[in-house]
Amino acid sequence: MAELTALESKIGEVLGLAMAAQDATQKVGKLVEEEGNHGDLTQTLQRMAQEAKETEERTTELASEQEGKKTAIIEKARETKQEATEMMSTYLGDDADALDGFEFLTMAEAGEVGHWQVVGTMNQRAQLPGLQELVEWVTPIQQRHFQETLEGSVELAGDEDPNAPE
């Protein structure tokens, strides 16, 4: 398998995070549905999943354009997705509720925002064709995802009884 540059490895990581985000929004969507009365949050999660899928597709296309590196980038993406999935399983155990789900997504989205910023900064020197356009497209989406998950967490927290036993 081809050896990746630091930037190509980071591309694999953001690709893996986009893959994991689709599973995470689906899992949290189920938690929200179980609690009911949060149609706006369900719609937000569905849109986030669609945007994560498009991010995956666009990033995979970019990886395909890297001479002899696509397989290695995809492998890095799969490793990252597996790590993110393990974190989600740990955080969202059997007793998880919608608030737990949105808190997890808030952390995950903050991580994605950070990863894309790193990719953009590294690409300022590398100037990989097409990467700057992808970074400029995805960054506002990831920032919005972070803001929406934070707002969802706060909304759900407002519904909680702070004095209820755990």
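All of GLN82, GLN22, GLN26 fail the test of being touching a helix residue (DSSP H, G or I) at 6+ places or on another chain (Cβ under 7 Å), in a helix (DSSP H, G or I) and loosely packed, with under 14 Cβ neighbours inside 10 Å, apart from GLN26.
Select from the stretch 131-152 the residues that are among the β-branched types (Val, Ile, Thr) and farther than 19 Å from GLN43 by Cβ and list them in ascending order.
Of everything in the stretch 131-152, those that are among the β-branched types (Val, Ile, Thr) and farther than 19 Å from GLN43 by Cβ turn out to be VAL135, VAL138, THR139.
If you go through the stretch 97-128 and keep only what is in contact with a Leu (Cβ under 6 Å, 6 or more places away or on another chain), among the aliphatic types (A, V, I, L, M) and closer than 30 Å to GLU160 by Cβ, you end up with ALA98, LEU99.
One residue alone among VAL32, VAL113 is among the hydrophobic types (A, V, I, L, M, F, W, C) and under 16 Å from the mean Cα position of the chain (by Cα), and that residue is VAL113. Residues that are basic (Lys, Arg), part of a loop (DSSP other than H, G, I, E, B) and in contact with a helix residue (DSSP H, G or I) (Cβ under 8 Å, 6 or more places away or on another chain) are absent from the stretch 71-78 altogether. Taking ASP100 as the residue in question, decide whether it is out of contact with any helix residue (DSSP H, G or I) (no Cβ under 9 Å at 6 or more places or on another chain) and either surrounded by 14 or more Cβ atoms within 10 Å (Cβ to Cβ) or not in a helix (DSSP H, G or I) (or both). No.
Coordinate-derived values only; no laboratory data. No experiment lies behind these values; they were computed from the predicted model shown. Neighbour counts are summed over all protein chains in view; Cβ atoms, including those assigned to glycine, are modelled from backbone coordinates with ideal geometry.
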